[in-house]
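See below for the structure under consideration.
The values are calculated or read from the model by the stated rules, or taken from the named source; none is laboratory data. Computed from a predicted structure; not experimentally measured. Cβ placement follows ideal geometry from the backbone for every residue including glycine, while neighbour counts extend to all protein chains displayed.
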């Protein structure tokens with residue numbers, strides 16, 4: 001068994017003070033070792049008070065993140081000097097990782113990479129995210145002209161432009177302040193290092209990053225044969241990973257470690273076809289997984305999602321004109337753990353509702369053949385919304401998708417879903433704008449634990 005720490009260790013076990021390095025801060029909550037070797041634990045920035053986001057001061061709490069590479073099963077020891085770990089949970093439960101031992105200040109467990117776990121001493125606040133990666137067998141050469149190579153240590157990169165056949169490589173231990181604009185064929189991001197947007201304020205990222213909207217994004221990739229693997233995307237000021245105008249794309253073992261601001265969407269799949277998102281972790285304030293504009297042939301599988309103030313899944317709202325022939329079709333979300341839903345509870349009728357699954361068809365655009373299969377919820381409450389489906393006009397937002405015309409939905413399947421006790425069950429809401437914009441062929445198969453179901457307008461639902 002070999003352990004590869006992602007960054008030089010900055011503290012000794014038992015140290016009272018924690019050193020900081022440029023661009024990041026060591027967590028004061030936890031110490032961690034893997035196979036007896038110390039691994040840095042990074043403090044994820046506290047949420048900022050921003051319009052529409054987390055507003056309750058009690059919820060402005062940071063969490064922590066640690067990452068390492070290893071071969072085989074390793075023993076992880078987490079310690080805290082003031083957080084009680086005696087009741088800590090290791091999530092998601094579907095990973096089958098249990099504590100080997102637990103006490104007031106220590107929890108020990110074993111994990112086998114690649115895997116990302118969340119250690120929660122007492123609910124969602126001050127959690128620790130632990131990511132275990134496999135060492136890369138084919139590290140790119142630093143002198144390759146087609147590789148933008150960032151080795152271990154701190155880098156203030158700014159814009160990182162990628163073109164045809166080019167690769168951004170974030171070596172284990174690399175901490176890179178910057179943003180990525182990639183356009184072309186065979187563009188890739190590799191390596192288990194960190195790309196950080198924490199140095200930019202909410203909605204005030206670099207101007208060149210604003211290729212999709214006025215907010216901008218930490219990573220924007222467009223083109224054919226796009227690949228993003230193993231990287232950690234940290235504390236974006238706006239949207240985080242945007243696959244915009246892509247054909248044939250893979251997102252694999254990516255860690256979205258956000259939550260500082262609203263608008264920090266985890267993974268946006270925009271105007272895209274033939275995309276696979278798998279084996280990844282997303283925590284953000286805003287929507288975790290969000291197909292936008294139009295999307296065909298999307299598979300999202302083996303994911304762990306967490307939203308603090310929006311939706312776990314959001315499809316639509318931003319819809320292109322239905323007369324274009326571009327559609328949402330063949331979207332599969334399978335084998336996914338949803339750890340936490342929005343702190344800010346809303347009624348399903350709210351324009352900016354916060355839900356587990358929110359589907360909004362507008363602009364005369366059709367949506368069809370959407371499947372949610374084997375979705376596992378860790379924590380839900382009586383005011384949480386399980387499913388919210390609407391055909392609706394969009395009177396607010398950017399002029400590019402503002403419309404007084406609703407869309408249509410046909411073929412939505414939810415199956416093999418169990419919702420834990422929520423003191424009455426999460427609600428289900430389906431609302432069509434009028435008979436010309438119906439919601440058709442919605443089916444529940446082996447879905448248990450939901451509560452109140454409301455329907456408005458032309459809706460075809462089989463329970």
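Within segment 250-269, track down each residue that is part of a strand (DSSP E or B) and buried (at least 24 other Cβ atoms within 10 Å of the Cβ). Across segment 250-269, the qualifying residues are 251, 256, 257, 267, 268, 269. In the list 96, 51, which residue meets the criterion of being without any contact (Cβ under 8 Å) to a residue 24 or more places away in the chain, loosely packed, with under 13 Cβ neighbours inside 10 Å and within 22 Å of the chain's Cα centre (by Cα)? 96 is the lone residue from the list that is without any contact (Cβ under 8 Å) to a residue 24 or more places away in the chain, loosely packed, with under 13 Cβ neighbours inside 10 Å and within 22 Å of the chain's Cα centre (by Cα).
The single condition among (1) surrounded by 22 or more Cβ atoms within 10 Å (Cβ to Cβ); (2) in contact with a strand residue (DSSP E or B) (Cβ under 6 Å, 6 or more places away or on another chain); (3) modelled with pLDDT of 95 or more that residue 455 does not satisfy is (1).
Any idea which of (1) within 23 Å of residue 270 (Cα to Cα); (2) assigned to a loop (DSSP other than H, G, I, E, B) is the one residue 381 doesn't satisfy? Residue 381 satisfies every listed condition except (1).
Residue 442 meets all of the listed conditions (1) touching a strand residue (DSSP E or B) at 6+ places or on another chain (Cβ under 8 Å); (2) surrounded by fewer than 21 Cβ atoms within 10 Å (Cβ to Cβ); (3) over 17 Å from residue 376 (Cα atoms); (4) at pLDDT 95 or above but one, namely (2). When segment 196-212 is filtered for residues that are outside any loop (DSSP other than H, G, I, E, B) and in contact (Cβ under 8 Å) with a residue 60 or more places away in the chain, only 196 remains. Within segment 361-376, does at least one residue satisfy the condition of being in contact (Cβ under 8 Å) with a residue 60 or more places away in the chain and surrounded by 21 or more Cβ atoms within 10 Å (Cβ to Cβ)? Yes, segment 361-376 has at least one match. With the structure loaded, tell me whether residue 436 is over 22 Å from the mean Cα position of the chain (by Cα) and at pLDDT below 95 or whether it fails that test. Answer is no for this residue. Filtering segment 126-156 to residues that are part of a strand (DSSP E or B) and under 23 Å from residue 249 (Cβ atoms) leaves 131, 133, 147, 148, 149, 150.
Screening residue 71 on (1) modelled with pLDDT of 95 or more; (2) within 23 Å of residue 134 (Cβ to Cβ) shows it passes everything except condition (1). Meeting the requirement of 1 or more residues that are closer than 27 Å to residue 230 by Cβ, in the same structural domain as residue 441 (by TED's automatic domain parsing) and out of contact with any helix residue (DSSP H, G or I) (no Cβ under 6 Å at 6 or more places or on another chain), the strands (runs of 3 or more DSSP E) wholly within segment 277-376 are 289-307, 313-316, 328-340.
Inspect segment 125-144 for any residue being modelled with pLDDT under 95 and touching a helix residue (DSSP H, G or I) at 6+ places or on another chain (Cβ under 9 Å) and give the result as yes or no. Yes, some residue in segment 125-144 is modelled with pLDDT under 95 and touching a helix residue (DSSP H, G or I) at 6+ places or on another chain (Cβ under 9 Å).
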